[in-house]
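Input: a single structure, listed below in structure tokens.
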């Protein structure tokens, strides 16, 4: 999501936690096999393809605002092999579909947008009457330990000028705020909750890979020659507070906002 310069292949390697969480979320989808489903923020397409395999008589559309992600998804899952699956480049806040979907799904994507009012309205407009939405994204309090280190690091003399005028880029929303957005759009029967999750990385290099591929609003402001050093310093400082466990893993405390709602019949 977003207009950042995504390295889609690097992300594919370092997004195993997002994929695992997506599988847990997919299990909550009430699918009969014939539905038409929209996956918002499809990324490299692997989660979207898993959903398509559950809808042999249905159809899945994956959208993402990153051209490199859509290009990779189309290459990995070509239409001749995945006849019920298509990928389109599109902004989640400006969906151009009519009311054609039975389900709208999104995992680990929508927190890239700060203002979710147009997103929720767009989702409502592309659902059929009675259609359902199931979303999971970073929520209020997400990655607070990493952010605490980041806040100090960007104030260091060697980095401070890169972050002049910088504003917090993520939409980590709370329950009451999101309930209000759903009500305003016209949704009913909604469930909104914050869920604590543990994200696990394979040692120092795994943590660096995750930072490199997902913290683009920060790393993208730096000169290319400074990025590796910044990531290395962020990793070192974080691991002073959260060292490796006995299995050589690094843990990051995450908070997910999970949203489920229905469009009236």
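Bear in mind that the values in this text are calculations on the coordinates, not laboratory data. Computed from a prediction, not measured in an experiment: that's the story for all the values here. Positions of Cβ are backbone-derived with ideal geometry, glycine not excepted, and every protein chain shown enters the neighbour counts.
Among the residues of the stretch 78-100, those that are under 23 Å from residue 20 (Cβ atoms) and buried (at least 20 other Cβ atoms within 10 Å of the Cβ) comprise 85, 87, 92.
Filtering the stretch 114-146 to residues that are closer than 22 Å to residue 198 by Cβ and exposed (fewer than 15 other Cβ atoms within 10 Å of the Cβ) leaves 144, 145.
Here residue 187 meets the list (1) more than 30 Å from residue 31 (Cβ to Cβ); (2) touching a strand residue (DSSP E or B) at 6+ places or on another chain (Cβ under 6 Å); (3) crowded, with 18+ Cβ neighbours inside 10 Å almost entirely, failing just condition (1). Of all the numbered requirements in (1) surrounded by fewer than 16 Cβ atoms within 10 Å (Cβ to Cβ); (2) in contact (Cβ under 8 Å) with a residue 40 or more places away in the chain, residue 160 misses one, and that requirement is (2).
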